[in-house]
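First comes the structure, then the notes that go with it.
The values are calculated or read from the model by the stated rules, or taken from the named source; none is laboratory data. For clarity, every value in this text was computed on a predicted model and none was experimentally measured. All Cβ positions, even for glycine, are placed from backbone atoms using ideal geometry, and neighbour counts span all protein chains on display. Ligands, DNA and RNA are excluded from the accessible area calculation, which covers all protein heavy atoms including side chains. Shrake-Rupley method; radii C 1.70, N 1.55, O 1.52, S 1.80 Å.
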Amino acid sequence: MMRRSALFLGSVPVMKNLINGKLVESKATKFFDIYNPATGEVIAKTPQSTPEELHQALEGCVEAQKTWAEVSVPNRVRVMLNYQKLIRDHTDELAKLITMEQGKTLNDAAGDVFRGLEVVEHTASMGSLLMGETLENVSSHMDTYSFRYPLGVTAGICPFNFPAMCCLWMFPVAVTAGNSMLVKPSEKVPHTAMRLGELALEAGLPAGIVNMVHGGPDTVNFICDAEPIRAISFVGGNSAGDYIYQRGAANGKRVQANCGAKNHCIIMPDADKEQAINAVIGAACGACGQRCMALSVAILVGEAKEWLPEICAKAAELKPDVGTKNPPFGPIITKQARDRAIKLIDDSEKQGAKVLVDGRKCSVEGFPNGFWIGSSVVADVTTDMPCYQEELFAPVLAVITADSLDEGLDIISKNPYGNGAAIFTQSGAAARKFQHEVAAGQIGINVPIPVPLPMFSFTGSRKSFRGENHFYGKMGVNFYTDTKTIVSNWNPNNAKKSKVMTDFPIFKQ
Ligand code: NAD
């Protein structure tokens with residue numbers, strides 16, 4: 001699919017940058033391949049933007065933000081109201097782009113767009129979210145009040161697995177709060193981000209408020225070091241996330257980094273068996289396991305151990321296929337990702353794990369070069385095995401057994417990640433104990449993928465998050481704003497009473 005946002009290198013299109021309202025050809029000499037994961041074809045190339053291009057895009061963000069910060073909050077919100085309508089109207093087009101470059105099914109891709117759209121919709125509340133606080137009479141004739149100010153220029157660094165949603169977690173909140181944002185889409189899936197950038201311009205966002213620059217680590221390093229950038233939003237794996245958090249923070253920037261995960265669920269013997277099994281398999285294999293909230297470990301407690309054959313039967317029913325046909329799930333993102341996941345299963349098998357449903361040798365008729373991996377269930381897993389220690393990001397469920405809820409909770413607390421966890425039970429007491437004690441930031445009770453709506457925030461914890469203020473919701477607005485607090489004295493008798501005070505001020509009266 002050829003897009004305006006690309007020029008050509010031989011017969012392969014090259015993505016353009018979005019700088020100051022225009023799609024600009026890059027003078028890059030280094031490129032990254034973009035695949036259609038279902039066919040294995042290189043469909044386009046992502047340029048490594050040159051230093052000049054990166055500087056130009058940043059300067060554009062600096063200049064544009066000065067005027068944008070003075071635009072009234074309701075008028076900034078009005079742009080987002082236009083934007084949400086455009087995203088809604090272009091959902092099918094965006095979903096097709098996602099399926100083409102990321103591989104997920106069209107239905108799942110529409111969900112990816114929708115969960116991002118919800119964040120755009122929530123920016124309609126920005127007037128309330130940006131309100132400061134006031135207290136009259138902190139002393140006689142003295143009041144204190146606070147305002148929230150935009151930071152200036154911010155930056156966003158995106159992952160491949162949610163080409164629309166993760167991008168929309170970032171710039172809509174940042175810009176409605178009065179900032180500009182330099183966005184680096186994932187080099188693996190840049191088409192969707194670029195289309196979202198074009199639609200933002202169409203919605204009325206002034207040129208330069210969102211600039212998009214392509215590339216890999218060189219672009220990221222530029223963002224981490226560039227002096228005008230005050231804050232960086234990152235979503236991706238731990239290796240890049242930890243690095244960006246440290247390098248950005250060392251340069252005095254705020255960083256919020258949503259990182260990798262290993263999400264567990266506990267299945268209690270009193271759970272609704274069918275609901276629990278359907279939920280767990282769907283959340284393990286959906287999107288080919290490439291969700292940061294995928295359930296990749298099931299802990300079967302007590303008699304729930306007996307449900308393993310039914311879990312396996314359900315998983316074996318799910319076969320991947322080309323995303324446009326809306327199968328249960330599509331291909332994995334690259335050949336390397338597939339080979340890595342297979343190796344982690346192989347190595348675990350060598351250590352005694354039993355591969356009861358084996359998706360390692362998987363093919364799809366008519367698509368011999370696609371990056372296929374089938375649903376897999378690996379049992380007798382112990383916590384020292386590679387398939388438990390690593391985030392597989394593949395449609396693989398690791399199964400562990402435990403004798404009690406306490407034992408299950410203990411396993412989860414010893415795992416360093418804390419993105420999400422779920423329990424399946426009919427016992428309120430077990431559910432409450434789980435929510436109270438489990439070492440994870442987003443908890444599902446009979447809900448497999450508990451991603452909060454944007455009136456809350458995305459509250460992954462421990463190794464799954466670096467920073468203080470989470471994405472979207474009130475915390476998202478905190479992240480993108482500074483607070484100014486004003487203490488005012490309007491005492492009509494000041495002139496008469498005034499004298500030199502050298503003591504630290506205390507407000508006594
Ligand atoms: P990734 O870390 O490979 O890439 C993310 C971004 O970082 C990309 O833009 C990439 O160009 C950049 N990057 C990668 N390596 C880099 C390096 N060495 N130096 C500088 N920049 C680098 O992640 P991914 O594979 O695109 O996405 C999958 C990961 O993202 C998974 O670990 C998943 O759990 C995580 N994720 C987390 C959340 C969350 O909210 N916690 C959401 C989505 C994805």
* To do: Summarise the long-distance tail of P(r) for the chain by giving the % of C-alpha pairs beyond 35 Å.
  => 38 percent
* Structure fact -> Per the helix-only model, the chain has a calculated mean residue ellipticity at 222 nm (DSSP H runs of ≥4, -39500 (n - 2.57) each, divided over all residues, rounded to the nearest 500) of -11500 deg cm²/dmol
* Structure fact -> At 4 °C in a medium of viscosity 1.567 mPa s, region 453-505 has a Stokes-Einstein diffusion coefficient, with Rh taken as the Kirkwood radius over alpha carbon pairs, in µm² per second, of 85 µm²/s
* Net charge of Cβ neighbours under 15 Å - reference ASN278; Lys, Arg +1; Asp, Glu -1 -> -2
* **Computed Rg/Rh of region 263-445, alpha carbon atoms with Kirkwood Rh** => 0.96
* Debye intensity ratio in log₁₀ form over the Cα atoms of region 409-457, taken at each q of 0.14, 0.22, 0.28 Å⁻¹ -> -0.34, -0.79, -1.11
* To do: Enumerate the calculated ³J(HN,Hα) couplings along region 384-395 in order (Karplus 6.51 cos²θ - 1.76 cosθ + 1.60, θ = phi - 60°), each rounded to whole Hz, writing x wherever the residue is Gly or Pro.
  => 8, 7, x, 6, 9, 6, 9, 6, 6, 6, 8, x
* Asked: Taking H as built 1.01 Å from N, whose amide H comes closer than 5 Å to the amide H of ALA422, not counting residues under 5 places away?
  -> HIS264, CYS265, ILE266, GLY444
* To do: Please determine, in degrees from 0 to 90 and to the nearest 10, the orientation of helix 91-102 with respect to the longest principal axis defined by the Cα atoms of the chain, where the helix direction is its Cα long axis.
  => 60 degrees
* **Under 22 Å from the Cα of LYS16 - lysines, other chains or at least 8 residues apart** => LYS27, LYS30, LYS45, LYS96, LYS184, LYS188
* Packing-based order for 48-55, 347-354, using average beta carbon neighbours within 10 Å, highest first -> 48-55, 347-354
* Asked: Can you count the Lys pairs in region 263-445 whose Cα atoms are under 23 Å apart, with each pair 8 or more apart or on different chains?
  -> 27
* Structure fact -> Carbon plus sulfur, as percent of the 1.4 Å-probe accessible area of the chain, comes to 53 percent
* To do: Quick one: what are the phi-derived ³J(HN,Hα) couplings along region 343-350, Karplus 6.51/-1.76/1.60 with θ = phi - 60°, whole Hz, x for glycine and proline?
  => 5, 5, 5, 3, 5, 5, 4, 4
* On a 0 to 90 degree scale, rounded to 10, what angle separates helix 51-68 from the longest Cα axis of the chain? -> 50 degrees
* Structure fact -> Placing +1 on each Lys and Arg Cβ and -1 on each Asp and Glu Cβ in the chain, then taking the dipole about the Cα centre, the residue among GLY374, PHE456, GLY289 whose Cα reaches farthest towards the positive end is PHE456
* Structure fact -> Whole-Hz Karplus couplings 3J(HN,Hα) for region 476-487, θ = phi - 60° and coefficients 6.51, -1.76, 1.60, Gly and Pro as x, run x, 5, 4, 4, 8, 9, 9, 10, 10, 10, 10, 10
* Asked: Cα centroids of region 353-429 and region 434-486: how far apart, whole angstrom?
  -> 24 Å
* Structure fact -> Extension length gain for LEU453 and ASP225 (0.36 nm per residue less Cα distance), in nm, is 78.8 nm
* Long-range amide H partners of ILE157 with built H, under 5 Å -> LYS184, SER233, PHE234, VAL235
* Structure fact -> Between the alpha carbon centres of region 101-149 and region 281-312 the gap in Å comes to 34 Å
* To do: Using only Cα atoms, find the angle between the long axis of helix 405-414 and the longest principal axis of the chain, and express it within 0 to 90 degrees, rounded to the nearest 10.
  => 60 degrees
